Amino acid sequence: MTSFTCLANTELSVRYSADGHPYPRALLALALSKSAVTLVPTEVQNIPSQSRAIRLLGDKNGIDVFWGVTSPDWEKQAKAVLIPIDKGLLGYRIPLVHVSHKDMFAQVNHSRQLRSFVFGLREDWPDTAIFKRNELPTLIYGMGAEPIEMLRTGRIDALPYDIFDLPKNHGDDIIHEPHIAIRYPSAVYFFVANDNQTLHKLLQEGLLAAIADGSFDALFYEYFAATIAQADLKNRRIIELTNPLLPRSAPIHQAQFWLDKNSLTK
């Protein structure tokens, strides 16, 4: 276990996987900046998957912090900082479809109606299990697959990508479906090695300090205000899925950690 006590004049590296969206990296730096200890976020390259990343927590040649959608298995493998860094926004999914099928979900009003379609999801994503638990037909693909090509060739009907994918352009023939958003309760956490109580405490205290002084929300909306507006949720039907994989430890009754669902759809 790394100890950060009595090291106020020392710079210490906090290692994390280099891949993914820049927001968690920026939030990690913000949380660490609230500590009296100088903690420097350091990228580690060439970690191929989330499942690999969480196994490398605390290893000599691994990483110190991982972030991802929580699950019971991951909360056994590692110690979660129980503050959703995405404020629950990752639980919203806007399906990608081929432009020729842009009205595929025009008549969908309930999750049971989604069982007529085949969704593509990657094997190491926790939401893959959520779709399966909701009895939605799911084609599971591996790291080397090309899901957009699978969509183009009709192997799948839709890719239920997260709301953060909205600004991306996947080609003129691939669009974000205009009628629905799929939602389920979800939380993205920072995780540390189970025995790294010190870093866990520093991250928790740093995030709470950032929430209290408003810098957490300022950073969140700096990255995602435009995406939330682009999602236009007030003009979409929200199709709710259950998430039996959300651990009971989730702080679902602590409103300061979450976006107000009603405010997103006004």
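The values are calculated or read from the model by the stated rules, or taken from the named source; none is laboratory data. As the structure is a computational prediction, the values presented were derived from the model and not from experiment. Heads up, the Cβs are rebuilt from the backbone with ideal geometry, glycines too, and the neighbour counts pull from every protein chain shown.
Given the residues Phe191, Phe164, which is the only one that is touching a His at 6+ places or on another chain (Cβ under 7 Å) and either at pLDDT below 95 or assigned by TED's automatic domain parsing to the domain that holds His21 (or both)?
Values: Phe191 fails: touching a His at 6+ places or on another chain (Cβ under 7 Å).
When all the criteria are applied, what remains is Phe164.
Just one of the numbered conditions (1) touching a Leu at 6+ places or on another chain (Cβ under 9 Å); (2) of a type in the set (Gly, Ala, Ser); (3) not assigned by TED's automatic domain parsing to the domain that holds Ser17 is not true of Ser100; which one?
The one condition Ser100 does not meet is (1).
Do you know which residues across the range 235-266 are part of a helix (DSSP H, G or I) and either in the same structural domain as Phe105 (by TED's automatic domain parsing) or at pLDDT 90 or above (or both)?
Keep residues of the range 235-266 that are part of a helix (DSSP H, G or I), which gives 235, 255-257, 261-264.
Residues satisfying the conditions are Asn235, Ala255, Gln256, Phe257.
In the list Leu208, Leu203, Leu219, which residue meets the criterion of being farther than 30 Å from Asn109 by Cα, of a type in the set (A, V, I, L, M), touching a Phe, Trp or Tyr at 6+ places or on another chain (Cβ under 7 Å) and in the same structural domain as Ile63 (by TED's automatic domain parsing)?
Numbers: Leu208 fails: touching a Phe, Trp or Tyr at 6+ places or on another chain (Cβ under 7 Å); Leu219 fails: touching a Phe, Trp or Tyr at 6+ places or on another chain (Cβ under 7 Å).
The match here is Leu203.
Going by the structure shown, is Ala218 loosely packed, with under 14 Cβ neighbours inside 10 Å and closer than 30 Å to Leu39 by Cα? Steps first, answer last, please.
On the way: loosely packed, with under 14 Cβ neighbours inside 10 Å: yes; closer than 30 Å to Leu39 by Cα: yes.
Yes.
Of all residues in the range 126-138, how many are surrounded by fewer than 19 Cβ atoms within 10 Å (Cβ to Cβ) and outside any helix (DSSP H, G or I)?
Adding up the residues that qualify gives 2.
If you scan the range 178-226, which residues turn out to be of a type outside the set (D, E, K, R) and free of Cβ contacts under 8 Å to residues at least 40 places away in the same chain? Explain how you work it out, then say what you get.
Taking the range 178-226 as the starting set, the residues that turn out to be of a type outside the set (D, E, K, R) are 178-182, 184-194, 196-200, 202-204, 206-212, 214-216, 218-221, 223-226.
Selection gives Ala212, Gly214, Ala218, Tyr221, Ala225.
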